[in-house]
Amino acid sequence: MEKYKRPQMERRLTALCTKRGFHTFGEYLDAASKDARLMDELLDRMTINVSEFFRNQSRWDALAQLFPALIRNNRIKAWSAACSTGQEPYTLMLLLSKYMPISGVSLLATDIDERALRVAKEGIYSEEELAPIEQELRNKFFRAVTSTQQQAVDEVRARIDFRKHNLLEQPFDTDFDLIVCRNVLIYFTDSAKDILYHKFAQALRPGGMLFVGSTEQIFHAETYRLKQIQPFFYQKL
Ligand SMILES: C[S@@+](CC[C@H](N)C(=O)[O-])C[C@H]1O[C@@H](n2cnc3c(N)ncnc32)[C@H](O)[C@@H]1O
């Protein structure tokens, strides 16, 4: 079964193949399998790691409104699925810190791309990248490591369990209060998404919430025992 949308992926990879001077995709793949740098570049192009702190700020404001239903006894179990270079799980952690002690946060953050995960674990970002974070939270949770870069403090980094995970192939953990999966579903075919929505629903506790990206609305959410309670937020029934 095809899982990534083919034309989109083909366009992206064909352009790279041509740029590297290969005439056929077979020749290119053959060369990439023998050259780590070519392979890294190929994987990079396939996975697109773009991310931002507080990406689509108004959605994070909407999420915060839902926290009272998700945080129980000052505890929450959350998953940032396809977390890329970490901006998403750090955003979630920072936002939660305003509503509960972060010692009660269990946060899993996964991605298929090991290089992105390395950046995420290190938690070092430029001033420019950190700009969307309000000053008070930056002061509390980031420390300067160079004149232009800051690192998330150990207390925050240690609370996030960064792990390699392929959404399309591997089983999901269960009993989550919140799953954030944004800006990756767009790359998947409808049949792959159908399987994923079932798996996300099974991974949530009843009343738990799935938060998707701004172009990733789920049609017929009730098929998956999910109920849309706001645009981009789906509650497990
Ligand atoms: C555009 S980024 C989204 C980052 C973040 N969620 C956000 O919205 O800012 C997409 C991420 O999906 C990851 N990805 C692609 N296919 C995946 C898969 N099958 N399983 C897990 N992650 C995947 C990529 O490695 C990339 O880091």
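Each Cα pair under 8 Å and six or more residues apart adds its separation to the average, and for the range 106-185 the resulting relative contact order is 42 percent. Taking every lysine pair in the chain that is 8 or more places apart or spans two chains, those with Cα atoms closer than 16 Å amount to 9. For the range 18-32, 3J(HN,Hα) computed residue by residue from phi via the Karplus equation (6.51, -1.76, 1.60; θ = phi - 60°) reads 5, 4, 7, x, 9, 8, 10, 5, x, 4, 5, 5, 4, 5, 5 Hz, glycine and proline entered as x. In the chain, Cα pairs under 8 Å separated by at least six residues give a relative contact order of 19 percent.
What the phi angles of the range 123-140 give under the Karplus curve with 6.51, -1.76 and 1.60, with θ = phi - 60°, is a coupling list of x, 9, 9, 6, 3, 4, 5, 7, 3, x, 8, 5, 4, 4, 5, 5, 4, 6 Hz, glycine and proline written as x.
In sequence order, the range 178-192 has phi-based couplings of 8, 10, 9, 9, 10, 6, 10, 4, 4, 7, 9, 6, 4, 5, 5 Hz under the Karplus curve 6.51 cos²θ - 1.76 cosθ + 1.60, θ = phi - 60°, and Gly or Pro positions carry x. Exposure proxy ranking for Trp60, Trp79, based on other Cβ atoms within 10 angstrom of each Cβ and starting from the fewest, stands as Trp60, Trp79. Which whole-number percent gives the relative contact order of the range 1-118, counting Cα pairs below 8 Å spaced six or more residues apart? Here the relative contact order equals 22 percent. Would you kindly give the portion of the calculated P(r) for the chain that falls above 31 Å, as a percent of all Cα pairs? Of all Cα-Cα distances in the chain, 27 percent exceed 31 Å.
For the chain, adding -39500 (n - 2.57) for each run of n ≥ 4 DSSP H residues and dividing by the number of residues yields -12000 deg cm²/dmol at 222 nm.
Close amide-amide hydrogen proximity is noted between Val180 and Trp79, Ser80, Ala81, Phe211, each under 5 Å apart and 5 or more residues distant or on a separate chain (H modeled in the peptide plane; Pro and chain starts excluded). Distant-in-sequence amide contacts of Gly208, defined by a placed amide H-H separation under 5 Å and a gap of 5 or more residues or a different chain, comprise Lys236. Highest mobility in the GNM of the chain, judged by mean-square fluctuation with C-alpha springs under 10 Å and restricted to Glu122, Glu134, Glu88, is found for Glu134.
No lab work stands behind these numbers, since they all come straight from the coordinates. Every value quoted in this text rests on a predicted model; they were computed, and no experiment measured them. Virtual Cβ from ideal backbone geometry, glycine too; neighbours counted across all protein chains shown.
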